[in-house]
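The values are calculated or read from the model by the stated rules, or taken from the named source; none is laboratory data. The model shown is predicted, which means the values in this text are computed figures rather than measured ones. Here the Cβ positions follow ideal geometry from the backbone for every residue, glycine too, while neighbour counts run over all protein chains shown.
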Amino acid sequence: MTAPPHASAMTVPAVPVTAEAATNPAVSVTASAAAVADDEPMRVGQVGPTVAGAPTDRWWRRWPRRALLAAAALWLGFTTAHLLLSGRLWWWRLADLLPPIAFLTIPVLLAVVAAGNRRARRPVALLSLAALLLGAGLTGLNLPGPLRPAPPVPADALRVVSWNTEYWHLPDRATEFYDLLHAQRADVYLLQEYLDEVDGEVVRADELDQVRRQFPGYHLAVVGELLTLSRYPIVAATPLSATGLPSAPTDFTDFWNHQVLRTDLLIDGRVVSAYNAHLPVPLWAGGPSLFSGAFHEAIRTQHERRIPQFRALAADVADNSHPILVAGDLNTSPAMGDTHRFPPQLRDAGYASRSAYPVSWSAAGPSLLLWRLDWALVSDDVEVHRYEFRDPAGHSDHRLQFLSISV
């Protein structure tokens, strides 16, 4: 390649090089020239030296790290607060609505997103791990779930179905409703929301004659919205009475006061106590606006209804020496502190489930099936062979609980 014609006119002034400069690659040409500080190395892509005191990162490089750190710290703080406040303070009820699986997915997601940020990955991973360990018992996971063996069910095992029917059945679907119940072939049915609704008000259902025709030979007990059917004799039926409840707002006081029905069943010469339970919801869906005083008053009222019912159930179980099964819609998710109010003498029948994440609600409507609100609890002298949730075939927003047990 030849030089341009004017190249010969260019002269390069000679620069004297001392012996010391010849051996030192970092030569300072003039005293006033800008030099790169020893403790401030040049960055790839940096044009010219870094000016002393100037920021080395742009804001768009800093905010992802700060946002990830803030999110991980906030989630750890929320998890800690939830463990301390859930089920104890009424104004924390909105946080109780969070799906239990969120206590697994959110810290894992934060750690995964931060993995691509060199400066954030370690602190975010540590914060997320701490939150995950704190909230492990809130996730609703049932491990090993599908890997759990399924031994044969004894031929004489008791088949039990518990189901929140969601206002019994629609007038034009009565036949399908009873067909679904018959298909379970249960020895005992613990049914909730044996109710009707007229002009938006909950009223008593009036279908006991039809129930008796549909289940000939079964024994029946009912109080308020709770209906128990048993192929075995019912030797005693006791609605639990909770004290300290707010005043009932309607004349249907049994619906307000009695949320647990105990029936003592005579099974092969032995008495077994079956508790049919439907505890109050933490808050009414479709009620007052979130930003109104009426909304918060409703949450407080529901909280004041729930606690006495839990206490009544725990007290009765503590005084009961028979084998015990408690089943129903407890309106409590695994992430709620109210699980600590379950009778401590009982254990969750979910240990026999083969689902990694057993859920019962919402089986209909726009909500996702992310919550387990329905439970079965048993005493140590009750063995659970099978525990599963079954499809309600569009009749309810709750799935059916099905158990095979031996006593």
Give the residues of region 162-219 that are in a strand (DSSP E or B), surrounded by 13 or more Cβ atoms within 10 Å (Cβ to Cβ) and of a type outside the set (Val, Ile, Thr), sorted by residue number. 162, 163, 164, 189, 190, 191, 192, 195, 196, 204, 219
Which pairs have Cβ atoms under 6 Å, sit 6 or more apart or on different chains, and link a residue in region 188-215 that is assigned by TED's automatic domain parsing to the domain that holds residue 234 to one that is of a type in the set (A, V, I, L, M, F, W, C) and assigned to a loop (DSSP other than H, G, I, E, B)? 194/168; 194/205; 195/205; 196/205; 205/168
Looking at region 325-348, which of its residues are among the aliphatic types (A, V, I, L, M) and surrounded by fewer than 24 Cβ atoms within 10 Å (Cβ to Cβ)? 346
Considering region 144-190, residues that are within 12 Å of residue 229 (Cβ to Cβ) and of a type in the set (S, T, N, Q), and then whichever is farthest from the chain's Cα centre (by Cα), we arrive at 184
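Hey, among 258, 182, which residue is in contact with a Pro (Cβ under 9 Å, 6 or more places away or on another chain) and of a type outside the set (Asp, Glu)?
The conditions single out 258.
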Can you name the residue in region 62-89 that is at pLDDT below 95 and not basic (Lys, Arg) and is also nearest to residue 333 (Cα to Cα) among such residues? 64
When restricted to 276, 331, 320, the only residue in contact with a Pro (Cβ under 7 Å, 6 or more places away or on another chain) and not small (Gly, Ala, Ser) is 331
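Listed here are the residues, each with its yes/no results for (1) closer than 18 Å to residue 358 by Cα; (2) among the hydrophobic types (A, V, I, L, M, F, W, C); (3) buried (at least 16 other Cβ atoms within 10 Å of the Cβ).
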| site | (1), (2), (3) |
| --- | --- |
| 74 | no, yes, no |
| 84 | no, yes, no |
| 88 | no, no, no |
| 106 | no, yes, yes |
| 112 | no, yes, no |
| 134 | no, yes, yes |
| 142 | yes, no, yes |
| 145 | yes, no, no |
Restricting to region 359-381, name every residue that is touching a residue at least 40 places away in the same chain (Cβ under 8 Å) and crowded, with 22+ Cβ neighbours inside 10 Å. 359, 360, 371, 372, 373, 374, 375, 376, 377, 378
What is the one condition in (1) surrounded by fewer than 14 Cβ atoms within 10 Å (Cβ to Cβ); (2) in a helix (DSSP H, G or I); (3) of a type outside the set (Asp, Glu) that residue 309 does not satisfy? (1)
Search region 154-175 for residues that are closer than 22 Å to residue 203 by Cα and among the β-branched types (Val, Ile, Thr) and pair each with any residue that is buried (at least 22 other Cβ atoms within 10 Å of the Cβ) and modelled with pLDDT under 95 when their beta-carbon atoms are under 6 Å apart and the residues are at least 6 apart or on different chains. none
